[in-house]
Amino acid sequence: MTYPTLLSPLTIGPRTLRNRVVFTAHLTNAAVDGLPTEQHASYYEARARGGAGLIVTEEHCVHPTDWPYEKVIHGHRPEVVAGYRRITDAVHAHGTVILAQLNHNGGQGSGMYSRRPLWAPSPIPDALFREVPRAVDAADITELVEGYARVARHCRAGGFDGVEIQASQSSILRAFLSPQANRRTDDHGGPLVNRARMLLEVIAAVREALGPDLVLGVRLTGEESIPNGIHLDEAVAVAGMVEATGHVDYLNTSIGMATETLHLIEGSMAVPRGYSLFVPSAIRRAVSLPVVGVGRFTGPAQAEQALVEGHCDLVGVVRGQISDPDFASKSEENRAGDIRTCLGCNQECIGRVGLNRWLGCVENPRAGRESVPLPMPHRRGRTVVVIGGGPAGMQAAATAAQRGHTVTLYERAEHLGGQVRVAASAEGRGEFGELAVNLERECARSGVVVHTGTDVDAAAVRALRPDAVIVATGARPVRPAWATGSTRVVDVRDVLEGRTRPAGRVLVFDELGFHQGTSVAETLAARGCTVTVATPAMIVGQDLGLTLDMEGWQRRAHAAGITERTDVLPTAVVDTGSGARVRLLHHPTGAAAEAEYDTVVCSVHQRPVDELWKQLSGSTFEVHRIGDALAPRRAHSAVIEGHRVALSL
């Protein structure tokens, strides 16, 4: 066995896990009217079928005052039990242990949905939600403790193997523990033993509600990374108090807090793998309970190493099992190379949920839609030709081949990957290239015949006599009108593909607000250029906030000396011989200013390469257009469309 520790069983309380792979709690946005759905059951079942040893569901709110976002599960309502049973029956059918996470978000929420004031230890507004909560009194605390016990009883009735109490990143229990949020002067405030009292009361009540035959876990924040917050020494001390109760079977860990240091909780690819292992490592040295470690585990080798080195007893793999539900079974079958590796891009798992949509995944077009049945092919064994080997074309080819069709893919370049490969060449974006690597492997496993370095025209396609053609020819840069005839204005792709190598003073003009502009700015700064990023938006890289990349970008930009200019757009550029004089309009005021740069790099919208599609339209065979050839967007749209069109054949 290649990963003997990761794949070995472990007993936690009254249950034995078949391996150490944990699908830890995270939001899916699949609840409807506060109740669990068939999508929950199908979603968790897919990871159980894929071999996960332990699944902890998303949070279940324990009290009506906690409704922090629209699609949360209202665990305090008795109607949830039927939905719980559907989830647990589906997961137990595959031999996986499943727990429900119990929580009250406290002041880290909003009264928008509940129309009630928030409850918290002290009337201190959260930095993100900016809503002043009401400090709970003794009667409220008693009511809250009973709320945790009530939901634990619902979970028992719903067939769960136990529950996990969240006292970590977004929890009223975390707030009681944190000196920053707890300014009380009664027996629930002040010294740590008082601040931990609420957690210990909840643990006792939940254990009584569960009985001795179900699992009880607690998730703790090890380091909040905020002034006067929870730091590692107090987290270790709290872990000792939790173990001393004798009621708890394991400890889970986290780093950061939602909302002020949310970027630490779900680190993007800019954050090193295993970045938070120091937290479970310190707690494990202080307690004898099994400890779960988290922190961007993307492959079984990394997880095995963390276990062997003694940092933790179990490994939380969330995004890795969103992108590939068979993460554990492929590890067990020595097929780690077949795992669809998480990119750490955070675009669909975190960014999409942050927009109040159901969870998705750039890598996995089925993520978040597991309950939606796939259509039957209209006719198996069709001859399908795919033109273009970017993410849209590769996904279409792989899915079509898996559906029983004979698929041939043609790519003009010498390598597959399209713009994904280009994007991955930028500073700090290398892991994004795993999307192309994973799709290329999937095409190979699915039997797709691939021809690279081959440019096919309409006549060549017709000569193949296909049943269906999928055009995924991508997009090309568009030169802005204001650039006129300047030789100093180039596109991001010109830089990353090596057609030009700017030096000296560089202006990066960014209309897209995502990684294209900021990553090329970092790339050029690393090459020694003096870089300014200008944008018509109010903030550079405005969409980086969705993927939790904003904080890292700002720190790195400051360290690299990158200047940022907002609310401006170029209106003219004139070559001077020594450079390019750019006129920038400050659009809120109408004021204009000029500055000279050696090169202007544009991160702007592209135009579809759709000539082949137009030439093939009206053919006797089916013709489909997908990805950027249809409309230039982000990688997930390309993957989704490739999958969708292949299902329609």
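General remarks:
- For region 132-141, the criterion of being surrounded by fewer than 18 Cβ atoms within 10 Å (Cβ to Cβ), farther than 22 Å from Val80 by Cβ, in contact with a strand residue (DSSP E or B) (Cβ under 8 Å, 6 or more places away or on another chain) and not aliphatic (A, V, I, L, M) is met by at least one residue.
- Hits in region 133-172 - residues which are of a type in the set (A, V, I, L, M, F, W, C) and either out of contact with any Gly (no Cβ under 8 Å at 6 or more places or on another chain) or at positive phi (or both): Ala135, Val136, Ala138, Ala139, Ile141, Leu144, Val145, Ala149, Ala152, Ala157, Phe160, Ala167
- For region 483-523, a residue qualifies if it is in contact with a Phe, Trp or Tyr (Cβ under 7 Å, 6 or more places away or on another chain) and either within 22 Å of Gln542 (Cβ to Cβ) or among the small types (Gly, Ala, Ser) (or both), and the qualifying residues are Val506, Leu507, Thr518.
- Contacts under 7 angstrom Cβ, first residue in region 587-614 being under 25 Å from Gly418 (Cβ atoms), partner surrounded by fewer than 20 Cβ atoms within 10 Å (Cβ to Cβ) and polar (S, T, N, Q), 6 or more apart: none
- Looking across region 312-345, the residues that are over 22 Å from Glu442 (Cα atoms) and buried (at least 24 other Cβ atoms within 10 Å of the Cβ) come down to Cys312, Leu314, Val315, Gly316.
- Single residue of region 16-36 satisfying the filter (out of contact with any strand residue (DSSP E or B) (no Cβ under 7 Å at 6 or more places or on another chain) and buried (at least 20 other Cβ atoms within 10 Å of the Cβ)) that is farthest from Gly95 (Cα to Cα): Asn29
- Options Thr530, Thr563, Thr571: the member that is hydroxyl-bearing (Ser, Thr, Tyr), under 18 Å from Val506 (Cα atoms), surrounded by fewer than 20 Cβ atoms within 10 Å (Cβ to Cβ) and in contact (Cβ under 8 Å) with a residue 60 or more places away in the chain: Thr571
- Among the criteria (1) out of contact with any strand residue (DSSP E or B) (no Cβ under 8 Å at 6 or more places or on another chain); (2) not in a helix (DSSP H, G or I), the one Val384 does not fulfil is (1).
- Matching residues, region 111-168, being small (Gly, Ala, Ser), assigned to a helix (DSSP H, G or I) and more than 29 Å from the chain's Cα centre (by Cα): Ala138, Ala139, Gly147, Ala149, Ala157
- The residues in region 445-501 that are more than 23 Å from Ser603 (Cβ to Cβ) and either of a type outside the set (Lys, Arg) or over 30 Å from the mean Cα position of the chain (by Cα) (or both) can be counted, and the count is 26.
- For region 452-539, the helices (runs of 4 or more DSSP H) that sit wholly inside it and include 3 or more residues that are under 24 Å from Gly561 (Cβ atoms) and either modelled with pLDDT under 95 or in the same structural domain as Pro570 (by TED's automatic domain parsing) (or both) are 492-496, 515-526.
- When restricted to residues that are buried (at least 17 other Cβ atoms within 10 Å of the Cβ) and farther than 12 Å from Phe514 by Cα, region 537-547 contains 0.
- Within region 590-643, the residues that satisfy the criterion of being more than 30 Å from Ser578 (Cβ to Cβ) and of a type in the set (Val, Ile, Thr) are Val609, Thr620, Val623, Ile626, Val639, Ile640.
- Scanning region 317-371 for residues that are part of a loop (DSSP other than H, G, I, E, B), touching a residue at least 24 places away in the same chain (Cβ under 8 Å), under 15 Å from Pro300 (Cα atoms) and over 10 Å from the mean Cα position of the chain (by Cα) yields a total of 8.
The values are calculated or read from the model by the stated rules, or taken from the named source; none is laboratory data. The model shown is predicted, which means the values in this text are computed figures rather than measured ones. Cβ sites come from the backbone with ideal geometry, for glycine too, and all protein chains shown count toward neighbours.
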